[in-house]
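Read-outs: derived from the displayed coordinates by stated rules, not from any lab. This structure is a prediction, so every number in the text was calculated from the model and none was measured. So basically every Cβ, Gly included, is an ideal-geometry build from the backbone, and we count neighbours across all protein chains shown.
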Amino acid sequence: MISSDVFMAFPAPQHAATFLHRKQRFLASMELADGSHELVYCANSGAMAGTLSSGSRALIWDSGDTTRKRRFTWRAIETDGLWVGTDTHLSNRIVEEALRLGLIPGLHEYDTVVREHLVEPGVRLDFLLSGPSGQCLLEVKSSNIVENGVARYPDSPTPRGVKQLRALAQKASDGHRAVVLFLVQRSDAHRFSVSELCCSEYFRAFKAAVLAGVEVIAMAVSVHPEGFGKPIFLPTSLEKNEETGVPTEAVIAASHLNTPRTGKNYHG
């Protein structure tokens with residue numbers, strides 16, 4: 001039975017497993033219910049520090065394709081009684097479902113979604129949204145590191161993310177609406193922060209993007225064995241805000257997006 005809090009179920013079929021260790025960035029060793037060991041695909045290039053305890057309960061998806069190099073994909077892990085999503089490939093599906101249901105303040109008036117939109121040579125953004133109020137470029141990033149109630153991004157170098165932020169900043173400077181949405185697949189975050197600890201270049205690009213007019217949404221979903229809970233929205237800050245030179249009003253909390261903004265129609 002699916003919890004009433006779940007607004008998007010995990011794609012079936014889903015299986016319980018036991019996490020053993022992360023063999024490398026895209027592979028994790030799991031023990032299946034029958035006692036066999038399997039290397040499963042890890043769709044998360046981040047470090048996932050603090051979430052990888054051997055012996056933890058895990059959820060894996062079975063593709064059913066015996067010819068696939070890795071039949072199983074890792075979906076979530078339980079850490080100290082808390083389920084944490086590990087599959088960043090589901091992030092866009094979560095956001096798209098939340099958009100469809102009108103659950104994201106400030107983005108609920110867009111009724112058309114185009115995926116993987118090319119904005120310039122070599123740079124794609126996750127979504128181009130269109131509706132009565134115009135168009136909006138939207139990029140989604142995943143965060144699963146939480147310390148003392150603060151979710152942080154990034155947790156590893158992200159040159160691709162830097163390029164995307166710069167493209168968003170340029171479009172915002174040109175008068176188009178541009179939004180970056182950070183998705184936290186766990187329920188213990190009360191605030192979100194962009195940190196320069198793991199990627200100072202991303203930190204600098206984020207500051208520049210905010211000053212250029214890029215809007216910021218930080219959204220968290222609880223994770224359950226059945227799927228994902230309805231989103232909540234987190235206040236957003238910079239890890240070293242006192243040293244950034246960014247005006248306080250330019251560090252945008254998600255609540256500021258309750259009134260939709262309009263911009264030029266985007267003709268990429």
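Using the Cβ-Cβ distance between Thr112 and His190 with R0 set to 30 Å, the FRET efficiency works out to roughly 0.35.
A Förster distance of 51 Å, applied to the separation of the beta-carbon atoms of Leu197 and Ser63, puts the FRET efficiency at 0.90.
In this structure, the residue pairs whose Cα-Cα separation is over 23 Å, taken from Lys69/Lys141; Lys141/Lys207; Lys171/Lys230; Lys141/Lys230, are Lys69/Lys141; Lys171/Lys230. Helix 159-173 and the longest principal axis of the C-alpha atoms of the chain enclose an angle of approximately 30°. Once the Cα atoms are used to define both axes, helix 91-100 deviates from the longest principal axis of the chain by about 60 degrees.
Going Cα to Cα from Lys23, which aspartates and glutamates come in below 13 Å? Please leave out same-chain ones fewer than 8 positions away. The reachable aspartates and glutamates, counting only those whose Cα sits under 13 Å from Lys23, are Glu38. In whole angstrom, how far apart do the alpha carbon centroids of the stretch 15-59 and the stretch 65-85 sit? The distance from the Cα centre of the stretch 15-59 to that of the stretch 65-85 comes to 7 Å.
The ellipsoid that matches the Cα gyration tensor of the chain has semi-axes, each √(5λ) in whole angstrom, of 32, 20, 18, with the longest given first.
Arranged from fewest to most other beta-carbon atoms within 10 Å of their beta carbon, Leu211, Leu118, Leu59 become Leu118, Leu211, Leu59.
Measuring r between the beta carbons of Arg93 and Asn148 and using R0 = 41 Å, the FRET efficiency lands at 0.90.
Sorting the segments 160-169, 83-92 by their mean number of nearby beta carbons within 10 angstrom, highest to lowest, gives 83-92, 160-169. Helix 200-212 and the longest principal axis of the Cα set of the chain meet at an angle near 40°. Under a 5 Å amide H cut-off, with hydrogens placed 1.01 Å from N, Gly227 pairs with Phe10 among residues at least 5 apart or on other chains.
For the pair Ala33 and Ile232, label points projected 7 Å from Cα toward Cβ lie 3.1 nm apart. Residues whose amide H falls under 5 Å from that of Lys141, counting only those 5 or more places apart or on a different chain, are Leu181, Phe182, Leu183, with hydrogens built in the peptide plane. Among Gly46, Ala12, Gly64, whose Cα sits farthest toward the positive end of the charge dipole of the stretch 6-81 (+1 at Cβ of Lys/Arg, -1 at Cβ of Asp/Glu, about the Cα centre)? Farthest towards the positive end: Gly46. Size descriptor for the stretch 6-81, Kirkwood hydrodynamic radius: 12.7 Å (Cα pairs only, one decimal).
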